[in-house]
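Student: Got a structure for you, questions after.
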Amino acid sequence: MKTEFVCIGLTNPKSTSNVGSVMRAAGCYEVDQVLYTGRRYDRAAKLTTDTKKVRIDIPLNNVEALGVNCLTQAIDADTKIVCVDLVKGATPLPEFKHPEKAIYIFGPEDNTISQAVIDKADHVVFVPTVGCMNLAASVNVLLYDRLAKSEKAKAGDELILKSRDRNNNVKVRSK
């Protein structure tokens, strides 16, 4: 029985390319769902970079359509709220221990997470970079960090064969 739960929460995203890239990352890192707020993304045409069509398998929902008005209301009570942003006092991602069940909330491309959401968070973390990364890059780094700190990081050839492109037949040869 699966006890782990991973949700990505996007605050009023505006870029279809960023959301498409977030969906691709969600597929690569086995995210359970992606939620978002706001109307800017709804006005955008389509997921232009979700080349694997992950949106078919992983729900991408505007929380307002679910009958709630914020990301923190769209999750179970035992799911930890983790805000990921350049916020004074936040924990550097390399020092962070990921909860088993989490919603990772990211700010919009052109703004930040509201103080009200930060105040509800169980944890606030940041990726220690010089300057800010784009939304999709931040999601990828966070999800990779979660994977790297888990038992799943001990994967081998079986995962490689399952994950790689069908045109990739390269292997490491003994020396």
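Student: Could you pull out the longest piece of the chain with no exposed loop GluC sites (Glu not before Pro) in it, calling a site exposed if DSSP puts it outside H, G, I, E, B and it has at most 16 other Cβ atoms within 10 Å?
Tutor: Between the exposed loop sites, the longest stretch runs 101-175.
Student: May I ask you to give the percent of accessible area on the chain that is carbon plus sulfur, with a probe radius of 1.4 Å?
Tutor: With neighbouring chains kept in place, the figure for the chain is 51 percent.
Student: Would the chain count as rounded, prolate or oblate if I go by the C-alpha gyration tensor, calling it rounded below 1.5 in a/c and otherwise prolate when a/b exceeds b/c, oblate otherwise?
Tutor: prolate
Student: Could you calculate the FRET efficiency of Asn62 with Asn169 from 1/(1 + (r/R0)^6), where r is the beta carbon distance between them and R0 is 35 Å, rounded to 0.05?
Tutor: So, using R0 = 35 Å, E works out to roughly 0.25.
Student: For the chain, build the charge dipole from Cβ charges (+1 Lys, Arg; -1 Asp, Glu) around the Cα centre, then report which of Val125, His98, Ala26 sits farthest towards its positive end.
Tutor: Going by the charge dipole, the pick is Ala26.
Student: Can you give me the relative contact order of the range 72-120 as a percent, contacts being Cα pairs under 8 Å and 6 or more apart?
Tutor: Relative CO of the range 72-120 lands at 46 percent.
Student: Still on this structure: Test of understanding: in a Gaussian network model of the chain with alpha carbons linked when under 10 Å, which of Leu71, Leu159, Leu135 would top the mean-square fluctuation ranking?
Tutor: It is Leu159.
Student: Would you mind getting the accessible area per residue of the chain, heavy atoms of the protein chains only, 1.4 Å probe, in Å²?
Tutor: 61
Student: Exactly which trypsin sites (Lys or Arg not before Pro) in the range 9-41 are in a DSSP loop and have at most 12 other Cβ atoms within 10 Å?
Tutor: Arg39
Student: So if I place +1 on the C-beta of Lys and Arg and -1 on the C-beta of Asp and Glu, and nothing else carries charge, what would the dipole magnitude of the chain be about its Cα centre? I want it in debye, nearest 20.
Tutor: So the magnitude is around 780 debye.
Student: Starting from the amide H of Ile105, placed 1.01 Å from N in the peptide plane, find each other amide H under 5 Å away whose residue is 5 or more places distant or on another chain.
Tutor: Residues meeting the criterion, in which the H sits 1.01 Å from N, are Gly9, Val82, Cys83, Val84.
The values are calculated or read from the model by the stated rules, or taken from the named source; none is laboratory data. These numbers come from a predicted model, not from an experiment. Cβ: placed from backbone, ideal geometry, glycine included. Neighbour counts: every protein chain shown. For accessibility, only protein heavy atoms count, side chains too; no ligands or nucleic acids. Shrake-Rupley method; radii C 1.70, N 1.55, O 1.52, S 1.80 Å.
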